[in-house]
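Accompanying notes for the structure given below.
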There are 2 protein chains.
Amino acid sequence: MTSTPPDSPAMVLIPETELGDIVQRALARMGLAGAHVQAIAKVIVSGQRDACQSHGVYRLISCFDAVRAGKVKLDAEPTVSITGGPIVQVDAQFGFSPLAFERGLPALVEATRRHGLGALVIRRCFHFSALWPEIEAITAHGLAALALTPSHAWVAPAGGNQPLFGTNPIAFGWPRPGPYPYVFDFATSAIARGDLELHRRAGKSLPEGCGVDAAGQPSTDPVEIARGAMLAFGGHKGSALATMVELMAGALIGDWTSQESLAFDDGAGVTPCHGELVLAFDPAAFSGGDGEAQTARAETLLDAITAQGARLPSQRRFAARERSQAEGIAVPAALYAEILRLVS
Amino acid sequence: MTSTPPDSPAMVLIPETELGDIVQRALARMGLAGAHVQAIAKVIVSGQRDACQSHGVYRLISCFDAVRAGKVKLDAEPTVSITGGPIVQVDAQFGFSPLAFERGLPALVEATRRHGLGALVIRRCFHFSALWPEIEAITAHGLAALALTPSHAWVAPAGGNQPLFGTNPIAFGWPRPGPYPYVFDFATSAIARGDLELHRRAGKSLPEGCGVDAAGQPSTDPVEIARGAMLAFGGHKGSALATMVELMAGALIGDWTSQESLAFDDGAGVTPCHGELVLAFDPAAFSGGDGEAQTARAETLLDAITAQGARLPSQRRFAARERSQAEGIAVPAALYAEILRLVS
């Protein structure tokens, strides 16, 4: 779900700690409890640091809209259920997701180390962040991870033309030697919802195959597609994956599908409220005893991708991260001014 | 991985038991031990019954080629390791996969019921069947399942043009009330390898986007693509999923990647030898206590797909199954004659 805006606005460079401070102040002004402020700021600053414009500082606006709509519990205290088995369950109590994930993570890591694989189920959270920050938090413990969430019913199944699925991201991570894991995080829709919004704001057309208008006819107009339906990537295969996300991160875990999340939103137009399923795998438990061979095999594969000039997912993000660490975090100047007004 | 041949040859209708008997005799003639004969015949007959031409009786030929190449152990006795934890490991001992799966299944079901989720790791097997028979064997126990395997290095990563990934299928199943689960099983390549072969044999072109020639240029010629590389479905997203399959069902489980499987094949051109990862989920453990709501939510979703005229994956397969049960199993007449010669 990394994405860049259709235009490239003027940027200002802000040191990470300064940006973190401003984002925290903005979140605190919205009335969020301290623990939520910390957890959300971390995710937003990470997004901006990695040049994910649609998951960076821009998300303060969605956050603000969600808070103003009055459905998010600003001081929700997530409750973590640990049974000693491989499944850890967190009830986010209708708060934002980052704190719920943070609270569940230690138990997920412990369960995964103990059993070889583990699952983190988060229920009843407002989810506006990308999944890769969660994936990277797990790979940092030397574990592999797979995460799924529904969103709002915006995407038609292949062969249909009525919105039913969310943009339903799938994210996966594999720990690597060195600072960066292998990570992907993509919407099962042809484009991310954030991209649709950015194109709409910029008045630009989308590529073919991203959606249909309200009459079910193919369209490249983001306004028409927003009234009609987005499409899944990769035809019936992407549509099948989107269905799997609804079943596994909706029905299975006893939380809402994207259609129910949209019904709950009831026209407020805020960030989706639903659950999340995260699976984690301890390489040591699966390796058949040879961890070195396991790492070497994965590295051989990943090196063979880049050796032929292909890119690894997240490579651009990690390059941006290094630039941010060296020069400060680039923020669109107009957006930065807007944020400063929020906190002044 | 359901597929139909590019032409529709004349068919003969054979009762299921009769076809099973002929397939078993053909397999026994190849020198396979009795338990393997039973397990493989079941999978091949299921494929033909469901009108999956590329995974039906046609597979006797790949089976025969693999046996003749002398690498498959015909009387391999799979060993199952059960620790009481959620991970069940099967060493197929270089035999065909269906028996290894059959031997591991009861322990996987038990582990999944006990822990809420389970994993079946199969190592060192020759894998020529589709994944949906395995998925359906798990959903028959009321569990959801996800299965991944590498294959042979035939597919280039997005942005590259050298073969590296296998066709790397991903299959998923969700148990439903009534006789049929929700099941998908697709190659992460734009087309299945079987489809490439069928087009090559029929001298027909493939659609755009399926592959590149040996010089890395886009091609629709199955012969040129077989010399060059196949492509992943859905661009960089499909390519990322194919990478995940190599990492999870190769590196993670301590078995070969598609590149290593092809190296082991060493020009013999037979069915790939590698591992497999199957995850299973007990809906009862994840539901938060309300199994009825869980089922109802999934059914509402799936009904909303078909209500708008979209098809569920495997729907065509299940329709063929009902025809087969009523009328006998349709087998291409020429292929049937070839099989009869094999056993006469």
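The values are calculated or read from the model by the stated rules, or taken from the named source; none is laboratory data. What you see is a predicted model; the values in this text were computed from it and never measured. Glycine also receives a Cβ, built like all others from the backbone with ideal geometry; neighbour counts cover every protein chain displayed. Quick note on the areas: whole protein, heavy atoms, side chains included, nothing else; ligands and nucleic acids left out. Shrake-Rupley method; radii C 1.70, N 1.55, O 1.52, S 1.80 Å.
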Taking both sides together, what accessible area is buried at the B/A interface, probe 1.4 Å, expressed in Å² and rounded to the nearest 100?
5300
Assigned charges on the beta-carbon of Lys, Arg, Asp, Glu; chain A dipole about Cα centre (debye):
280
Using a 1.4 angstrom probe on heavy atoms only, work out the carbon and sulfur share of the accessible area of the stretch A:11-343 in %.
51
If you put a point 7 Å past Cα along the Cβ direction, how far is that point for B:Arg311 from the same point in each other copy, in nm, smallest first?
3.5
Just to verify a number: FRET efficiency for A:Ala326 and A:Glu292, C-beta to C-beta distance, R0 = 35 Å, to 0.05?
0.60
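Within 10 Å of each Cβ in peptide B:302-310, how many partner chain Cβ atoms are there on average? Round it to a whole number, please. Before the final figure, lay out the partial values.
Details: counts 5, 0, 9, 11, 3, 3, 10, 6, 10.
The mean count of partner-chain Cβ atoms within 10 Å per residue comes to 6.
Kindly flag which residue pairs out of A:Lys204/B:Lys237; B:Lys73/B:Lys204; A:Lys204/A:Lys237 have an alpha-carbon separation exceeding 31 Å in this structure. If you can, show how the numbers build up before the last one.
Values: A:Lys204/B:Lys237 23 Å; B:Lys73/B:Lys204 36 Å; A:Lys204/A:Lys237 28 Å.
Where the Cα-Cα span goes over 31 Å, the pairs concerned are B:Lys73/B:Lys204.
Could you provide, to the nearest whole Å², the per residue accessible area of chain B with probe 1.4 Å?
Details: 12390 Å² over 344 residues.
Computed with neighbouring chains in place, this is 36 Å² per residue.
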Identity and axial distance of the chain B residue whose Cβ lies nearest the axis relating B to A, Å:
B:Gly234, 1
The stretch B:140-244: which GluC sites (Glu not before Pro) are DSSP loop and have at most 12 other beta-carbon atoms within 10 angstrom?
B:Glu208
Counting only other chains, what is the mean number of Cβ atoms within 10 angstrom of the Cβ of each residue in peptide B:152-165?
4
Can you give the Rg to Rh ratio for the protein assembly as shown, taking only C-alpha atoms and Rh from Kirkwood?
0.97
The stretch B:11-25 residues near the modelled B:Leu74 label - backbone nitrogen below 16 Å, point 7 Å along Cα→Cβ:
B:24-25
Kirkwood-based Rg over Rh for the stretch B:1-160 (C-alpha set), two decimals?
0.99
Along the dipole axis of chain B (charges at Cβ: +1 for Lys and Arg, -1 for Asp and Glu; origin at the Cα centre), the most positive-end residue among B:Gly267, B:Phe281, B:Phe318 is B:Gly267
Alpha-carbon centroid distance for the pair the stretch A:112-178 / the stretch B:158-198, whole angstrom
21
Tell me the distances, shortest first, between A:Asp266 and the same position across the other copies, using label points 7 Å along Cα→Cβ, in nm to one decimal.
7.0
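If the convex hull of the alpha-carbon atoms of chain B is projected onto planes in all directions, what is the mean projected area in square nanometres?
Details: hull surface 69.1 nm².
Averaged projected hull area, Cα only: 17.3 nm².
Placing +1 at every Lys and Arg Cβ and -1 at every Asp and Glu Cβ, with all other atoms neutral, what dipole size does the protein assembly as shown have around its Cα centre, in debye to the nearest 20? Mind dumping the intermediate values first?
Working: 54 positive and 68 negative charges, 23 e Å.
Computed charge dipole of the protein assembly as shown: roughly 100 debye.
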One decimal, nm, nearest first: from A:Glu292 to the same residue in each other copy, label points 7 Å out along Cα→Cβ, the values are 5.9
Let me know the mean shielding of B:229-240 by other chains, meaning the per-residue number of their Cβ atoms within 10 Å of its Cβ.
5
